[in-house]
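The block underneath contains the structure these notes are about, expressed in structure tokens.
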Amino acid sequence: MSDPAWVHSPMMRAVRREPVEWTPVWLMRQAGRYLPEYRRLRHSTPFLDLCKNPDLCARIMLETVERLGVDAAIVFSDLLLILEPMGMRLEYAGGGGPVLGNPLRMAAEVDRLLELESVGALEFVMEAVGKTRAGLNPSLPLVGFAGAPFTLAAYAIEGGSSRDYRLAKRLMYSDTGAWDALMGRLARAVTLYLNAQIDAGAQLVQLFDSWAGCLGPDDYRRYVLPHSRSVIEGLRPDVPAIHFATGNPALLPLLGEAFGKKKRPAVVGVDWRIRLDDAWRAIGHDRAIQGNLDPAVLLTDPSEIRRRVKEILRQAAGRPGHVFNLGHGVLPQTPPENVVALVEAVHELS
Ligand code: CP3
């Protein structure tokens, strides 16, 4: 039997650091509130209901991929859904960020977070993966994803978004035993969840540690790295992974270290707070890199976008292993035609 078409796609080739015809590009939050068709759908359907409807999830992502002309799809879902079957009450309160109704504030409460014994309660995500894969052009890979243990722990402890993560840090710094127990439980859950997404049809996975940048490198190494490494090392063999964090470029070599010693294709996701060439040097050229346009550039116009794309591609210097992306998710205020202009600019200029 011959390989499925996505095996030789620019995205999968770049992830394996093979030469490509054009630099692949996809965007975090490529389907979302900046799109009028998404807003229309959301008008009648609460976000959680949307996430639990595999047909709608598949439709949103497939329409978006078609409209934008990107080189990969990501499952339409959310980072925090995994916390529900682990015993947390999750709500997306009107327009604001997510809220967890019963946060784990003290070390003694950590045991309220249940071990995820199976992904049965998250079957709707696997169905969304399967339906998205089935409807997607076979030459495009599908990215599965999960939150990294630290970002999930921070949400579970803070109960929502936070400016300084002081409650999470208090627990982490004051009770290492409770912290490691919590992180271990999350790491096992995330490993199970990502492997289930791979079984359901994802070709690669991205681990989002969106909040890890609030830590310095020594604390990241001590309190976070072992758990993220255990997730990545527990993934099905040979499946490529993207490890992404924002906010602190000093963490980049450590995000790379989390891949351990296995030969799995490794991609480190980088935000805009560091130049792409400096980031790649820090990560090591034996790993692929994803990034790193500031999402705010998409609020400007196609000529500025082109200029900034050219600059990032110049820093990538034609070296195999660059996946173009934003440094973080598309902002809700972004004009959709600017996103299309970005994708066209990357394809044309690379
Ligand atoms: O990238 C995609 O298009 C796929 C879908 C996706 C969503 N969330 C949909 C979503 C992905 C990959 C995520 C990941 C996610 N969720 C992260 C990691 C990425 C990052 O941004 O750092 C985080 C931290 C979350 C948690 C989360 N979910 C927040 C903070 C919010 C509210 C703020 C916001 O940006 O809207 C959400 C809600 C959410 N997740 C929406 C979407 C489309 C908006 C919900 C709505 O329609 O109101």
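Conditions tested, residue by residue: (1) closer than 20 Å to V343 by Cα; (2) buried (at least 18 other Cβ atoms within 10 Å of the Cβ).
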position	(1), (2)
L225	no, yes
A245	no, yes
H285	no, no
G291	yes, yes
A296	yes, no
D301	yes, no
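Here is a yes/no grid of residues against (1) within 20 Å of V224 (Cβ to Cβ); (2) aromatic (F, W, Y); (3) out of contact with any helix residue (DSSP H, G or I) (no Cβ under 6 Å at 6 or more places or on another chain); (4) within 11 Å of the ligand (Cβ to nearest atom):
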position: E63; (1), (2), (3), (4): no, no, yes, no
position: E127; (1), (2), (3), (4): no, no, no, no
position: A134; (1), (2), (3), (4): no, no, yes, no
position: A154; (1), (2), (3), (4): yes, no, no, yes
Could you look through segment 91-110, keep only residues that are closer than 18 Å to D49 by Cα, hydrophobic (A, V, I, L, M, F, W, C) and surrounded by fewer than 18 Cβ atoms within 10 Å (Cβ to Cβ), and pick out the one that is farthest from the chain's Cα centre (by Cα)?
-> A93
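Can you report the number of residues in segment 312-322 which are closer than 17 Å to E348 by Cβ and surrounded by 14 or more Cβ atoms within 10 Å (Cβ to Cβ)?
Step one: list which residues in segment 312-322 are closer than 17 Å to E348 by Cβ, which gives 312-314, 316, 318, 322.
Pick out the ones that are also surrounded by 14 or more Cβ atoms within 10 Å (Cβ to Cβ) and you get 312-313, 316, 322.
Adding up the residues that qualify gives 4.
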Which ones in segment 137-146 are in contact with a helix residue (DSSP H, G or I) (Cβ under 7 Å, 6 or more places away or on another chain) and buried (at least 21 other Cβ atoms within 10 Å of the Cβ)?
-> L140, P141, L142, G144, A146
Does V309 satisfy the condition of being of a type in the set (A, V, I, L, M), touching a residue at least 60 places away in the same chain (Cβ under 8 Å) and part of a helix (DSSP H, G or I)?
-> no
Going through (1) among the acidic types (D, E); (2) over 26 Å from S9 (Cα atoms); (3) within 15 Å of the ligand (Cβ to nearest atom); (4) part of a loop (DSSP other than H, G, I, E, B) one by one, D71 fails only at (2)
What residue, of D286, D271, D277, is touching a helix residue (DSSP H, G or I) at 6+ places or on another chain (Cβ under 7 Å) and not aromatic (F, W, Y)?
-> D277
Would you check if E109 is assigned to a loop (DSSP other than H, G, I, E, B) and away from the ligand (no atom under 15 Å from the Cβ)?
-> no
Selection from segment 217-270 of residues that are closer than 16 Å to A282 by Cα, more than 16 Å from the ligand (Cβ to nearest atom) and not in a helix (DSSP H, G or I) | A258, F259, A266
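Only one of V346, V339 is touching a residue at least 12 places away in the same chain (Cβ under 8 Å), surrounded by 15 or more Cβ atoms within 10 Å (Cβ to Cβ) and more than 16 Å from the ligand (Cβ to nearest atom). Can you tell me which?
On the way: V339 fails: more than 16 Å from the ligand (Cβ to nearest atom).
Of the residues listed, the single one that is touching a residue at least 12 places away in the same chain (Cβ under 8 Å), surrounded by 15 or more Cβ atoms within 10 Å (Cβ to Cβ) and more than 16 Å from the ligand (Cβ to nearest atom) is V346.
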Any chance you could count how many residues in segment 192-229 are more than 21 Å from G291 (Cα to Cα), within 17 Å of the chain's Cα centre (by Cα) and of a type in the set (S, T, Y)?
-> 1
Quick one: which of P54, P36, P10, P19 is more than 27 Å from H347 (Cα to Cα), modelled with pLDDT of 95 or more and either charged (D, E, K, R) or away from the ligand (no atom under 11 Å from the Cβ) (or both)?
-> P54
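The values are calculated or read from the model by the stated rules, or taken from the named source; none is laboratory data. What you see is a predicted model, and the numbers here were worked out from it, not measured in a lab. We place every Cβ from the backbone using ideal geometry, glycine too, and count neighbours over all the protein chains shown.
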